Amino acid sequence: MQGQERLKLFVSYSHKDEACCKELGKYLRQLQDAGLIEPWTDGQILAGDNWDDEIRNNLRQADIILLLISIDFLLSEYIKQELAVARERHAKGEAVIVPVVLRTCRWKWEHYALGQYQALPKDGKPIYRTNDQHAIEEALDQVVEGIEKTANQILRNRNGGNPKRSQGEVAELVNGNKDFIAAQAASTSTPAGTPLVKPDNTSTSPLAAGTSS
């Protein structure tokens with residue numbers, strides 16, 4: 001689907017959930033290969049770039065802001081700053097916040113102000129609540145399906161109810177890459193201009209190269 005708009009996806013998560021993020025990244029690659037989303041990760045920052053500017057600019061340009069929730073996510077001071085920007089943009093209708101629950105934690109507590117957003121997977125059940133690999137894969141697939149629906153709704157809204165890419169078209173493109181996908185599966189607000197505090201090793205981390213922050 002050359003020439004079609006890709007929605008920018010920004011992912012916020014804790015370093016301690018890096019393995020979970022990499023696994024999710026393989027599933028998100030389906031939507032990336034289909035031309036629906038373009039994930040961004042701070043791992044894409046080049047030597048010599050201003051890391052603060054790059055993170056802040058990409059967060060403020062994102063169409064979808066993915067929050068990978070766990071206890072480590074909730075306790076990260078750096079992520080709290082990202083959340084302030086994300087909430088501000090969501091409230092203005094500039095971006096859509098999508099919580100993805102990785103591990104069991106009390107993320108719906110009122111002081112976290114996250115319970116108002118529709119979470120993935122279905123019913124906000126944690127992806128890694130079990131060691132059952134089939135259940136984990138099902139939950140990851142539900143996340144991809146939910147992001148696909150959100151992305152297509154954004155495109156509909158931008159184009160007066162006529163999406164540039166229907167879910168059927170996305171499915172067709174994804175199915176066309178099924179061999180590649182199978183191989184991959186096998187292996188409060190912060191004012192503009194206010195710098196984010198540089199994270200330590202326990203704050204946010206990029207997804208695997210080629211996926212998403």
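The values are calculated or read from the model by the stated rules, or taken from the named source; none is laboratory data. Just so you know, these numbers come straight off a predicted model, no measurement behind them. Note: ideal-geometry Cβ built from the backbone for every residue, glycine included; neighbour counts use all protein chains shown.
Taken together, the residues in the range 95-136 that are assigned to a loop (DSSP other than H, G, I, E, B) and either in contact with a Lys or Arg (Cβ under 8 Å, 6 or more places away or on another chain) or under 19 Å from Gly146 (Cβ atoms) (or both) amount to 19. In the set Arg29, Arg56, only one residue is in contact with a helix residue (DSSP H, G or I) (Cβ under 7 Å, 6 or more places away or on another chain) and not hydrophobic (A, V, I, L, M, F, W, C); that residue is Arg29.
In the range 127-141, the residues that are closer than 18 Å to Ile71 by Cα reach residues that are hydroxyl-bearing (Ser, Thr, Tyr) with C-beta atoms within less than 8 angstrom, at least six apart or across chains, in these pairs: Arg129/Thr104.
Screening Lys26 against (1) at pLDDT below 95; (2) within 22 Å of Ala139 (Cβ to Cβ); (3) crowded, with 21+ Cβ neighbours inside 10 Å leaves a single unmet condition, (3).
Here's the yes/no breakdown for (1) surrounded by fewer than 21 Cβ atoms within 10 Å (Cβ to Cβ); (2) within 26 Å of Leu155 (Cα to Cα):
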residue	(1), (2)
Lys8	yes, yes
Gln30	no, yes
Asn57	yes, yes
Ser76	no, no
Val85	no, yes
Ala95	no, yes
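For the range 1-23, filtered to residues that are within 16 Å of Phe73 (Cβ to Cβ) and among the basic types (Lys, Arg), the residue that is modelled with the highest pLDDT is Lys16.
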